[in-house]
Amino acid sequence: MARDAWKHDPRQALRAGADFDLATFDRAGTPGWGGDRDAGEAFTVHRGEELSELQERLYAEGRSGGSRSVLLVLQGLDTAGKGGIVRHVMGMVDPQGVALASFGVPTAEERTHHYLWRIERRLPPPGRIGVFDRSHYEDVLVVRVDNLVPEAVWRPRYEEINTWERKLIEAGTKVVKVALMVSHAEQGARLMGRLDRPDKHWKFSMGDLATRAKWDDFQDAYADVFRYTSTEEAPWYVIPADKKWYARLAVTEILTRTMAELGLDWPQATFDVDEARRALQATMR
């Protein structure tokens, strides 16, 4: 069995508390993990087996009338590794139990509604793990940095989002918010890597450079997101993303521990098992 080298619960090491300072955050660090890359990758696979069973239990609960779900919110700038989390972490569980939603530039229809309208339409149904690749937080990040609306419009959204998430949690959805924070140098290297590989050109956009030019503004915007929306009910876990293996390890561990605490169990049969067994045996030849 892969060795557990977590020195303590990563949710403690990675939580954005009142004293969190993004400006001094080490984006190449491995907070809470005492092993190397090989140990981390092996343990991710091991924990993935447990995560898969927990996801199946949640799915079974939902199929049996349960109302609970889980929502994994992924935020991060281009190249931070959101797609890698979806592929390598959520790829370890049954896809039928996962509801993935990606939020880009709002459509014409979406712009006619409140900014949370399109988010609410993609919330996970009971029994599912919902994954948001970008989310409602774009409306206090991109909207702010690109001056799409006045500050008088986006600033009150922090508290509005807190209230909305609180109601979501009360209705039975466990919210796990993860921010993948890559360094400026590593982001540049990853973008260059896309240019160096013809099979990655499709992932590159000149708009990536426009966003990169606003790096400091985005850092300020993210700092405020952590400051104002990391709540007791739905804290932010800020994950160093320069080492992809660590980011995937950390998200796997956070999600596994969070789901384990839900106390998920297999639903009880609503029929007489012995009677069903006798009926089945009667069909045997």
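Round to a whole angstrom and tell me the spacing of the C-alpha centers of region 155-190 and region 38-79. Going from one Cα centre to the other spans 17 Å. Remark: the ALA223-ALA23 segment gains 71.2 nm on full extension, using 0.36 nm per residue and subtracting the alpha carbon distance. On full extension, the segment bounded by LEU100 and ASP36 gains 20.0 nm, given 0.36 nm per residue less the C-alpha separation. Considering only TRP6, SER67, GLY29, the residue lying farthest towards the positive end of the dipole of region 1-78 is SER67, judged by Cα position with unit charges set on Cβ. For the chain, the percent of C-alpha pairs falling in each 10 Å distance bin, counted from 0 to the bin holding the largest distance, reads 6, 26, 33, 22, 7, 3, 2, 0. Under a model in which nothing but the beta-carbon of Lys, Arg (+1) and Asp, Glu (-1) is charged, the chain shows a dipole of about 640 debye around its Cα centre. When the pairs LYS214/LYS243; LYS82/LYS174; LYS82/LYS200; LYS203/LYS244; LYS167/LYS243 are compared against a 25 Å limit on Cα-Cα distance, LYS167/LYS243 fall above it.
Could you tell me which of rounded, prolate or oblate describes region 1-132, using a ≥ b ≥ c as the square roots of the eigenvalues of the alpha-carbon gyration tensor, with rounded for a/c under 1.5 and, failing that, prolate when a/b is larger than b/c and oblate otherwise?
Details: a/c = 2.09, a/b = 1.25, b/c = 1.68.
Verdict is oblate for region 1-132.
Per-atom-type breakdown for the chain gives carbon and sulfur 50% of the accessible area (1.4 Å probe, protein chains only).
Tally Lys/Arg at +1 and Asp/Glu at -1 over every other residue whose Cβ is under 11 Å from the Cβ of LEU195; what's the total? Summing Lys and Arg as +1 and Asp and Glu as -1 gives +3. Of the GluC sites (Glu not before Pro) found in region 170-266, those that fall in a DSSP loop while having at most 13 other beta-carbon atoms within 10 Å are GLU232, GLU233, GLU261. As a size descriptor, the averaged projected area of the C-alpha convex hull of region 195-267 was calculated at 8.5 nm². For the pair VAL149 and GLU53, the difference between a 0.36 nm per residue extended length and the Cα-Cα distance amounts to 30.2 nm.
Within the shell of other residues whose beta carbon sits under 10 angstrom from the beta carbon of ALA101, the net charge comes to +3, with Lys and Arg scored +1 and Asp and Glu -1. Taken along the Cα-to-beta-carbon direction at a fixed 7 Å, the label points for LYS200 and PHE271 span 5.2 nm. Coupling constants for region 187-196 follow from the phi torsions by the Karplus curve (6.51 cos²θ - 1.76 cosθ + 1.60, θ = phi - 60°), and in residue order they are 4, x, 5, 5, 5, 5, x, 5, 6, 7 Hz; glycine and proline get x.
A 1.4 Å probe run over the protein chains yields, for the chain, 51 Å² of accessible area per residue, whole-number rounding.
Across LYS200, LYS243, LYS177, mean-square fluctuation computed from a Gaussian network of the chain (C-alpha pairs under 10 Å connected) peaks at LYS200.
The values are calculated or read from the model by the stated rules, or taken from the named source; none is laboratory data. This structure is a prediction, so every number in the text was calculated from the model and none was measured. Counting neighbours? That spans all protein chains shown, and the Cβs are built from the backbone with ideal geometry, glycine included. Ligands, DNA and RNA are excluded from the accessible area calculation, which covers all protein heavy atoms including side chains. Shrake-Rupley method; radii C 1.70, N 1.55, O 1.52, S 1.80 Å.
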